[in-house]
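To start, the structure itself, in structure tokens.
The values are calculated or read from the model by the stated rules, or taken from the named source; none is laboratory data. These figures come from a predicted structure and were not determined experimentally. All Cβ positions, glycine included, derive from the backbone under ideal geometry; neighbour counts span all protein chains shown. Just the protein is used for accessible areas: all its heavy atoms, side chains included, with ligands, DNA and RNA removed. Shrake-Rupley method; radii C 1.70, N 1.55, O 1.52, S 1.80 Å.
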Amino acid sequence: MKLLKIITLLVIFIGNSSLFAQANIKSVNLKKGQILDILMLTTKPETEKAFEKYRKTAFPVAFKRSYKPLPGFRIVETTQGNIQPTSFIFGQWSDLNNREQFISEIETVVPDFHEQRRTIWSIFNLVYYEMPEDLSFSMDKNKYNVVTAYWKKDNSSFDAFTKQWFKKSTATGGKTVLKLTNGKSPAGYYYNPDLLVVTEWESKKEFETFMKDKGIYKNESVLHVNQFVIN
């Protein structure tokens, strides 16, 4: 089973989800208090049997705790940063309690849970967000979609930087699809940027025009940045 098949299983295995698929548009609807997972993965080759075991042992515990799969995307290019995952996947939980209870209880039910993950994935980064209000967003795979994650050095200068960043993004045709802050990451899977943004451009050319401004990533208020093109 190739990587795409594994992603497909992650996305569609068991049950309905808050996903509406029409052509290449992927839409997500979340209610206040629900949890949005974001996973960035790289799957090792020849791990089909290992994933089948993981599916049978870990998935039922997650589903019992309200987990629902949402859309998954390929990471086609890393444009900034020090990691190169190949998959960008959304997931949903009913509330923070269920999400964190899963983390605390999974090793009791599946003692080799983390070992299984290390066997299957060479990169497994996770951040999750509690919705402060209802959230709906759509991503068009026909567009040029970019995920940007920033870590800040301090609040005041970073706030000024991000205001300019969004202004310049809009000026070059960028549409902010998703903006997330105040995430959490479990121990061992830490990936918690201060700001995570999904931006849609009509074309790669528009994005490259935006990226010509070095100030949008080489800024004294920025501690670290990751950026991925997804499809």
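When Thr170, Thr42, Thr199 are compared by accessible surface with a 1.4 Å probe, the order from highest to lowest is Thr170, Thr42, Thr199. Secondary-structure-derived ellipticity at 222 nm for the chain, considering helices only, amounts to -9500 deg cm²/dmol, per-run term -39500 (n - 2.57) for DSSP H runs with n ≥ 4.
On average, how much accessible surface per residue is there in segment 29-230, in Å², for a 1.4 Å probe, leaving out ligands, DNA and RNA? Walk me through the numbers before you get to the answer.
Working: 9700 Å² over 202 residues.
Counting only protein heavy atoms, the per-residue value for segment 29-230 is 48 Å².
Counting only aspartates and glutamates at least 8 places from Lys44 when in the same chain, those with an alpha carbon closer than 17 Å to its own are Glu52, Glu115.
Subtract the Cα-Cα distance of Arg117 and Asn155 from 0.36 nm times their separation in residues, and report this length gain in nm to one decimal.
Values: separation 38, 0.36 × 38 = 13.68 nm, distance 3.50 nm.
Working it through step by step, the gained length comes to 10.2 nm.
Within the same chain, lysines fewer than 8 places from Lys212 are excluded, and of the rest, those with a Cα less than 30 Å from its Cα are Lys26, Lys141, Lys143, Lys152, Lys153, Lys163, Lys167, Lys168, Lys175, Lys179, Lys204.
Once the chain from Ser138 to Lys204 is taken as fully extended at 0.36 nm per residue, the excess over their C-alpha distance is 21.9 nm.
Taking 7 Å steps out from each Cα toward its Cβ at Ile25 and Glu52 produces label points 3.9 nm apart.
Sorting Lys214, Lys152 on solvent-accessible area from highest to lowest, probe radius 1.4 Å, gives Lys214, Lys152.
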